[in-house]
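Colleague: Please read through the structure below; I'll follow up with questions.
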Ligand SMILES: C[S@@+](CC[C@H](N)C(=O)[O-])C[C@H]1O[C@@H](n2cnc3c(N)ncnc32)[C@H](O)[C@@H]1O
């Protein structure tokens, strides 16, 4: 039996007994009336999994009442393993994300989206299904080393963060103020917020003022929600909030170096058309963006000279 010291929601010091088989008992040292108990499965007692376990405990063990208040602070510590969580609203959010059927499939991949997820990354519902996987964002960023990058649809910052690590500077634009707030927070988690100018605004209105600023424009516009893959061939006019042709025309007025992150079923002939109809024509390179050997998207690199 291992012994942990715990702060309960009332900040009453508790002795916590974690047995290999039975329940963990959170027993207040001074106040017996605030008795609490909870099951934690010791072999899974990993700080990354704790919120998932807490949410499961509440539903799968009828005889045990889950009495951890998610809105207050909980500290578990031992010589071998330690965990400090100051803001328990984060735990509550994690429990919701892990059980929300819309988010769960993305939440399971959370460390592929942000390897530093546990350090306070914030993602809203749209962000969950639209953030670029970190491994892919790193590849995008490699192509922009030393450049000034405009991340035209920055979302919660999956790409912005990786650009900030290697580029000369980044302008990160999103129309949704909450997304920008989250992207700022997330860039802070990665220690790169100082390399980014965050802008809340409509890219289409801002485009004329970006003309002389950027070397590369990065476009990861909304694909119209998770249903994009239900069509056989994703057409440029399915991009949102404006069709891909007018988007491309506008972005070309900023710089000929354009990176577009697009659905894996995008019509490649239309991308070639965009490159060849440009004046002068642009070089186009198509990259399959893969995770675990599986193609999940296409990245199109347009440039006046091969990048
Ligand atoms: C696919 S997400 C970008 C994800 C981002 N690359 C990441 O890794 O987190 C598209 C974003 O475009 C934003 N957006 C939609 N219309 C916009 C507009 N007119 N101007 C700027 N941002 C817009 C949405 O709020 C959304 O966050």
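Colleague: Would you mind ranking 198, 218 so that the residue whose beta carbon has the fewest other beta carbons within 10 Å leads the list?
Modeller: Values: 198 20, 218 30.
Ranking 198, 218 by Cβ neighbours within 10 Å, fewest first, gives 198, 218.
Colleague: Kirkwood hydrodynamic radius (Cα pairs, Å) of segment 127-303? Before the final figure, lay out the partial values.
Modeller: On the way: mean 1/r = 0.0623 Å⁻¹.
Final number for the Kirkwood radius of segment 127-303 is 16.1 Å.
Colleague: Rg to Rh for segment 239-307: what is it, with Cα atoms only and Rh by Kirkwood?
Modeller: Working: Rg = 12.1 Å, Rh = 12.5 Å.
Reported Rg/Rh, Kirkwood definition of Rh: 0.97.
Colleague: Give the peptides 209-215, 275-281 in descending order of average Cβ contacts within 10 Å, highest first.
Modeller: On the way: 209-215: 13.9, 275-281: 11.7.
Per-residue mean Cβ counts within 10 Å order the peptides as 209-215, 275-281.
Colleague: Could you let me know the centre-to-centre spacing of segment 91-114 and segment 210-241, using Cα atoms, in angstrom?
Modeller: If we compute the Cα centre of each part, the gap is 24 Å.
Colleague: Please sort 118-127, 96-105 by packing, taking for each peptide the average over its residues of neighbouring beta carbons within 10 angstrom, highest first. The partial results should precede the final answer.
Modeller: Values: 118-127: 17.3, 96-105: 14.4.
Per-residue Cβ counts within 10 Å, averaged per peptide and sorted highest first, yield 118-127, 96-105.
Colleague: Shifting gears a bit: Could you rank the peptides 246-252, 162-168 by their average count of other C-beta atoms within 10 Å per residue, with the highest value first?
Modeller: Details: 246-252: 19.1, 162-168: 21.7.
For the peptides 246-252, 162-168, the packing ranking is 162-168, 246-252.
Colleague: Debye sum, Cα scatterers, segment 127-168, no solvent: what log₁₀ I/I(0) at q = 0.20 1/Å?
Modeller: -0.52
Any read-out appearing in this document is the output of simple, stated calculations on the displayed coordinates, not a laboratory observation. Note that the coordinates shown come from a computational prediction; the quantities given were computed from them, not determined experimentally. Note that we place each Cβ from the backbone using ideal geometry, even for glycine, and neighbour counts take in every protein chain shown.
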